[in-house]
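The values are calculated or read from the model by the stated rules, or taken from the named source; none is laboratory data. The structure presented is a predicted model; accordingly, all values stated were derived computationally and were not measured. When we count neighbours, we look across all protein chains shown, and the Cβ atoms used for this are built from the backbone with ideal geometry, even at glycine. SASA here: full protein model, heavy atoms, side chains in, ligands and nucleic acids out. Shrake-Rupley method; radii C 1.70, N 1.55, O 1.52, S 1.80 Å.
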Amino acid sequence: MLVENGIIKKGRLGKDLSLEESKCATKLCAIGCLAAIKTISSLDKVTSIVAIHGLVNSTSENTEQADAMNIASDFVVEVFGEIGKHTRTAVGVSVPHNIAASIYMIVEIED
């Protein structure tokens, strides 16, 4: 479980976190991105999810970063359908404060 008592667990894929826990972390990041979009516009005004860039906190030996990002990408396509299809990067890094993952999106929104 990635969230315990309302607190997000920290750690690195391949050391402290399983692939399933890292997938959960990236999905939570995607949900956070959508919440941020909603602070400036309705999700109904999104015309395209151009790209999602994922930083997965993982050991240097780990090669499952793309697998960890799949759930975030799939979630966005599930929410938006065809306009949710996007390019994506998934990079294994050492994320500050040992946070499990961090992602950002490039999104087009109609006026």
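For region 84-100, give me each residue that is assigned to a helix (DSSP H, G or I) and either among the basic types (Lys, Arg) or modelled with pLDDT of 95 or more (or both).
Residue satisfying the conditions is Gly84 alone.
What are the residues in region 16-45 that are among the charged types (D, E, K, R), part of a loop (DSSP other than H, G, I, E, B) and modelled with pLDDT of 95 or more, if any?
none
For the structure I just gave you, tell me whether Gly81 is open to solvent by less than 60 Å² (accessible area, probe 1.4 Å), part of a helix (DSSP H, G or I) and at pLDDT 95 or above.
For Gly81, the condition - open to solvent by less than 60 Å² (accessible area, probe 1.4 Å), part of a helix (DSSP H, G or I) and at pLDDT 95 or above - is met.
Given the criteria more than 17 Å from Ile8 (Cβ to Cβ) and part of a loop (DSSP other than H, G, I, E, B), does Glu61 qualify?
yes
When you look at Ile103, is it in contact (Cβ under 8 Å) with a residue 60 or more places away in the chain, closer than 24 Å to Glu20 by Cβ, among the β-branched types (Val, Ile, Thr) and part of a strand (DSSP E or B), yes or no?
yes
Hey, among Asp67, Asp44, Asp16, which residue is closer than 18 Å to Pro96 by Cα and either open to solvent by 40 Å² or more (accessible area, probe 1.4 Å) or of a type in the set (Val, Ile, Thr) (or both)?
Residue meeting the stated conditions: Asp16.
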